[in-house]
Amino acid sequence: VSARRVLVIGAGASGVAAAFAARRGSAAVTLIGGAPGATSLTSGALDAGRLANDRAALDAFLQELSLWVLAPRCMVATQAGTLREADGHDRAVLDLSQIAGCVAVIDAPRAGWDAGALAGGYNAEPLATARGLRFAPVAIAPWRFADEPRIPNADLAARHDDPERIAWLAEVLVRAPELRDMAGVLFGPWLGISRDAARELSVALGKPVGETLSRLDGVAATRFARARGDWCSRAGLTLTAERVVRIEAHNQGAAAVLESGAAIETDAVILACGGLIGRGVVWSAPDAQAWNAEPGARLAGFTLSLDAPARLGLRGAPLCATGSPEGALFAPHAWSGDAAPAGFERIGVLIEPSGRVLGADGAPIAWLLAAGDLVADAPRTMLQAIGSGLSAGALAARG
Amino acid sequence: MTDVLVDRLKIAASPCRTHSAPLPGGERVVEVAGFAAQVGIDAVTAARLVYRHGARTDLITERIRERPLEATVVCACEPVIEAEIRHVLVQEFASTVDDVARRTRLGLGACGGMRCAVRCGQIVAQERHLSPREGGRQALRFLARQASTRCVAGGQAQVQQEALLLATVRAELGSLIEEDR
């Protein structure tokens, strides 16, 4: 019996998790995807979503990537000077919930890094005052080259992949008298891309050393890209960067047509091509479609970025056309300023709880699954992306 | 006309001098290329700064001489450097993130403040001696308004941008959203 063929479209967190789980289920996996979409904006905090039903698969995946740590109710610091809780974090991010006392915020000359303002911000946070946690800027000179106050965070982090440099930095920290009474040390997101420099520094100093979260275009995302590449080469998977334009039923399974015209035959397809941020779902401007639109879903403004037998919807119902002669309006889906997800954060492909996509007739399609930000009504969080990817991958491999 | 009114109302007024006295900052033309090279910023940033401040650019040059890292670009879209933000807060009566945006155009470019509003809030809190959370709250309100302004425009790029902006807000200022309501 030959292995089941599984095609995964999209190689962000959910796509990679789906590919991992499908391979774990002994399927032959094809992974198609370019640059990760929303995953490339990850801050390094893992927020709750639907945790994978299969905890063993989740642990195996996290261990394989060795990038993220599950830590329910951990506390992490942002570069906006705020503290927040999360359910896990990038391995380099400092978990403040494990610390009591005063944390040193490294005060090094660096464009846009204001240790005084950050420490002041953290000290004013209810999360810190409730636990008696304090922050103080501590002047340290961790740079070795004159350009380092100004180069981008990711470049600076990459320079900390050098073991010799980490040894030197550990020496600097150990020698600093101001750090002796500190309970932890907080850096910006600079501590290595492929190397776990935060852990090495923690061991050397004998106290937790770690980072703030990255901004949305930052270092945590670069680490994911590196870990993804490493995993693909270990697994012998080639990441195909071509676009899929159409998927359709074919024989017992499905066929995907690429932009080049080539077709891939497969037994199951997992759509993990992202939501609005990752451009799996696109908004077609009303003025561009009003005159030649067909009635129905296209008038609703949102469309899937590839041609697939899936329906977009939100709040459990298919997206309907608006009555306006102008065509679709975005305003009803916009953010109203509160904590509840906006309409545009909910829109996605309608699925049944197993992960199977609901077709035009409302019945699940056996060979088509969806995961990650593409799924309607699911939280747009990293744990949701990983969890839904793992279950979709396992189900696709089982058939 | 003003002269007639002053005469009739018998107001003691000094003679009109708007035709001879330059506006503040208009006393002298600042040479852009020289200024850019002197403080180490690019020509576009320098030209826009000189356009807004004229001869008062000297005050900003002075700040950067004392603290070179204030030449850092905070808002990359427009673009605005940190020294200008601090200058308008200290010297020009700007007192909120909104004021800074009106004076410098910070946050009014393509990304709607996604990359700079939070940092600007920190600077406002420092210079105006506000609590850091108040600075964050001002940034949050600015971002929320920018998001709703953009959806009038529609189009894929704007909608995607709005999704990005909201992701930023949720990642960094999430705790302030509930509190602000």
Check whether at least one residue in the stretch B:89-110 is open to solvent by 10 Å² or more (accessible area, probe 1.4 Å) and within 13 Å of chain A (Cβ to nearest Cβ), and report yes or no. no
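Test A:Pro109 against the stated conditions and say whether it is open to solvent by 10 Å² or more (accessible area, probe 1.4 Å), in a strand (DSSP E or B) and in contact (Cβ under 8 Å) with a residue 12 or more places away in the chain. Walk me through how you get there before you give the answer.
On the way: open to solvent by 10 Å² or more (accessible area, probe 1.4 Å): yes; in a strand (DSSP E or B): no; in contact (Cβ under 8 Å) with a residue 12 or more places away in the chain: yes.
Considered against the rule, which asks whether it is open to solvent by 10 Å² or more (accessible area, probe 1.4 Å), in a strand (DSSP E or B) and in contact (Cβ under 8 Å) with a residue 12 or more places away in the chain, A:Pro109 comes out as no.
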The stretch A:226-264, residues that are assigned to a strand (DSSP E or B), within 25 Å of the chain's Cα centre (by Cα) and either among the hydroxyl-bearing types (Ser, Thr, Tyr) or within 22 Å of A:Ser26 (Cα to Cα) (or both): A:Leu239, A:Thr240
Restricting the stretch A:189-218 to residues that are open to solvent by 50 Å² or more (accessible area, probe 1.4 Å) and among the acidic types (Asp, Glu), which is modelled with the lowest pLDDT? A:Asp217
For the stretch A:119-140, give me each residue that is assigned to a helix (DSSP H, G or I) and not aliphatic (A, V, I, L, M). A:Gly120, A:Gly121, A:Tyr122, A:Asn123, A:Pro126, A:Thr129, A:Arg131
Take B:Ala46 and tell me if it is surrounded by 18 or more Cβ atoms within 10 Å (Cβ to Cβ) and either touching a strand residue (DSSP E or B) at 6+ places or on another chain (Cβ under 6 Å) or small (Gly, Ala, Ser) (or both). yes
Across the stretch B:130-153, what is the total count of residues that are at the interface with another protein chain (Cβ under 7 Å from one of its Cβ atoms), modelled with pLDDT under 80 and open to solvent by 10 Å² or more (accessible area, probe 1.4 Å)? 2
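Return yes or no: is A:Gly88 modelled with pLDDT of 90 or more, crowded, with 19+ Cβ neighbours inside 10 Å, part of a strand (DSSP E or B) and under 18 Å from the mean Cα position of the chain (by Cα)?
When the stated conditions are applied, A:Gly88 passes them.
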Tally up the residues in the stretch A:101-140 that are of a type outside the set (D, E, K, R) and away from chain B (no Cβ under 14 Å), please. 10
Report, ordered by the first and then the second residue, all pairs with beta carbons closer than 6 Å, sequence separation of six or more or different chains, a first member in the stretch A:68-90 that is within 14 Å of chain B (Cβ to nearest Cβ) and charged (D, E, K, R), and a second member that is assigned to a strand (DSSP E or B) and open to solvent by 20 Å² or more (accessible area, probe 1.4 Å). A:Glu85/A:Arg73; A:Asp87/A:Pro72
Assess whether B:Val118 counts as being of a type outside the set (S, T, N, Q), open to solvent by less than 20 Å² (accessible area, probe 1.4 Å) and at the interface with chain A (Cβ under 8 Å from one of its Cβ atoms). yes
If we scan the stretch B:154-173, do we find a residue that is of a type in the set (Lys, Arg), surrounded by fewer than 20 Cβ atoms within 10 Å (Cβ to Cβ) and either more than 9 Å from chain A (Cβ to nearest Cβ) or touching a helix residue (DSSP H, G or I) at 6+ places or on another chain (Cβ under 6 Å) (or both)? no
Under the condition of being within 14 Å of chain B (Cβ to nearest Cβ) and among the charged types (D, E, K, R), which residue from the stretch A:200-236 is farthest from A:Met75 (Cα to Cα)? A:Asp217
Odd one out for B:Val97 among (1) over 16 Å from B:Val124 (Cβ atoms); (2) touching a residue at least 24 places away in the same chain (Cβ under 8 Å); (3) under 17 Å from the mean Cα position of the chain (by Cα): (1)
Just give me the residues in the stretch A:343-380 being within 14 Å of chain B (Cβ to nearest Cβ), crowded, with 20+ Cβ neighbours inside 10 Å and part of a loop (DSSP other than H, G, I, E, B), in sequence order. A:Ile347, A:Arg380
So, restricting to helices (runs of 4 or more DSSP H) that lie completely within the stretch B:21-76, which ones have at least 3 residues that are touching a residue at least 24 places away in the same chain (Cβ under 8 Å) and closer than 17 Å to B:Arg103 by Cβ? B:43-53, B:57-66
Out of curiosity, is A:Ala167 free of Cβ contacts under 8 Å to residues at least 60 places away in the same chain, surrounded by 15 or more Cβ atoms within 10 Å (Cβ to Cβ), assigned to a helix (DSSP H, G or I) and not polar (S, T, N, Q)? no
Of all residues in the stretch A:141-162 being open to solvent by less than 60 Å² (accessible area, probe 1.4 Å) and either among the charged types (D, E, K, R) or in a helix (DSSP H, G or I) (or both), the one that is farthest from the other protein chains (Cβ to nearest Cβ): A:Asp161
Determine, yes or no, whether B:Asp3 is in a helix (DSSP H, G or I) and over 30 Å from B:Gly136 (Cβ atoms). yes
For A:Arg175, are the conditions met, namely being open to solvent by 70 Å² or more (accessible area, probe 1.4 Å) and without any contact (Cβ under 8 Å) to a residue 40 or more places away in the chain? yes
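The values are calculated or read from the model by the stated rules, or taken from the named source; none is laboratory data. Predicted, not measured: the structure shown is a model, and the values here were computed from it. Every residue, glycine among them, receives a Cβ derived from its backbone with ideal geometry; neighbour counts consider all protein chains shown. We work out accessible area using only protein heavy atoms, side chains counted, and drop any ligands, DNA or RNA first. Shrake-Rupley method; radii C 1.70, N 1.55, O 1.52, S 1.80 Å.
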